[in-house]
1. At a 1.4 Å probe radius, carbon and sulfur cover how many percent of the accessible area of region 48-110?
2. Could you sort THR97, THR83, THR29 by accessible area so the largest value comes first, with the probe set to 1.4 Å?
3. Express in Å², to the nearest 10, the accessible area of TYR61 obtained by rolling a 1.4 Å probe over the protein heavy atoms while all chains stay in place.
4. At 1.4 Å probe size, with no ligands or nucleic acids counted, give the accessible surface of MET54 in Å², nearest ten.
5. In percent, how large is the relative contact order of region 31-88, given Cα pairs closer than 8 Å and 6 or more residues apart?
Amino acid sequence: MKRKIWPLLILIGILIIIAGGVFLFSKVTILHIENMDHPKSIHIRISPSETFSMFYIHSIYRQPVIEEFQAEKDAIVLKGIRTKSPGVMEYYGFEDTKQFHSMNQRMGAVFIVRRGMGEGQGLIVGTERST
């Protein structure tokens, strides 16, 4: 009986090693989000080419804005700004009225976003939305 179980245990061991190796060598990007006013932080795993967005209500025009980002090797890149508000578009210096304005601005590996006083701010990663 003991002889029959060894091949099964060896097979399970090999599968565990292979699965661990795949996890070890796969690229993972972690967003570290920290609340500077309270000792709280969260970590969100994203794939290297996955986009994520910050949404908020513009403090002057009181209109919704979505900033879309992508994590690259050594930087977070602002890929574009989405809004329907002509006032917000003018504030950011956009001369047309498209709802999405493409950009490619490198923000660096770490950047600070201060939370505003109003409501309606948060993060979108994939289909998950958090405030």
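1. Using a 1.4 Å probe with all protein chains present, region 48-110 comes out at 50 percent carbon and sulfur.
2. Sorted by accessible area, descending: THR97, THR29, THR83.
3. Accessible area, nearest 10 Å²: 90 Å².
4. Near enough 40 Å² of accessible area.
5. Relative contact order comes out at 24 percent.
The values are calculated or read from the model by the stated rules, or taken from the named source; none is laboratory data. Source: prediction; values computed, not measured. Just so you know, the surface numbers come from the protein's heavy atoms only, side chains and all, with ligands and any DNA or RNA stripped out. Shrake-Rupley method; radii C 1.70, N 1.55, O 1.52, S 1.80 Å.
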